[in-house]
Amino acid sequence: MNILQKALIGNAVFSTLSALSMLVFSATITNWFGLEERLPFLIIGGGLLFFAGTILVEVKRQREKAVYWIIIQDVLWVLGSTILLLLNPFGISEIGNILITIVAFIVLIFAILQYQGIQKSQRE
């Protein structure tokens, strides 16, 4: 298994676990974030499950454009998280901000590893 496959699998597993957590524990997570509406977490959880599925497809195929699209989505997640942290437009709690920071950091690591993996596979 090459570095790209490992990074993609890690990303898919993390995305799946995050999605299931949001779907199953949406009420608890809503409370942690100091919010009243749990619908955003349900929507994000559903989207993450779909995202995880698309990642798993690329573990075997490793199509260059598809992998770059996954990396771009990861980077957009990190940028969106940064904007949320800087502007805090929804009045997210300190615990919520800490969770956003941790998840964004993990997603950034996956983006970097996937980029390194695709670069290495292109050289081979």
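Values in this text are rule-based calculations from the coordinates and carry no lab data. Computed from a prediction, not measured in an experiment: that's the story for all the values here. Positions of Cβ are generated from backbone atoms using ideal geometry, with glycine treated the same way; all protein chains shown enter the neighbour counts.
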- Task: Using the Karplus curve 6.51 cos²θ - 1.76 cosθ + 1.60 with θ = phi - 60°, work out ³J(HN,Hα) for each residue of the stretch 7-16 in order, rounded to whole Hz, and write x for Gly and Pro.
- Result: 5, 5, 4, x, 5, 5, 5, 4, 5, 5
- Here FRET efficiency (C-beta to C-beta, GLU94 to THR54, R₀ 30 Å, nearest 0.05) is 0.35
- Mind pulling the angle between the C-alpha long axis of helix 64-87 and the longest principal axis of the chain? Nearest 10 degrees, somewhere in 0 to 90. 30
- Message: Which three extents, in angstrom, do the Cα atoms of the stretch 3-119 have along their principal axes, listed largest first?
- Response: 41, 27, 17
- Task: Could you let me know the centre-to-centre spacing of the stretch 63-124 and the stretch 1-19, using Cα atoms, in angstrom?
- Result: 13
- Item | Net charge, GLU64 excluded, C-beta distance under 15 Å - Lys, Arg +1, Asp, Glu -1 | +4
- Spin-label model distance (nm) - THR28 vs LEU42, 7 Å beyond Cα toward Cβ: 1.8
- Item | 3J(HN,Hα) from dihedral phi, the stretch 100-116, Karplus parametrisation 6.51/-1.76/1.60, rounded to Hz, x for glycine, proline | 4, 5, 4, 5, 4, 5, 5, 4, 4, 4, 4, 4, 5, 4, 5, 5, 4
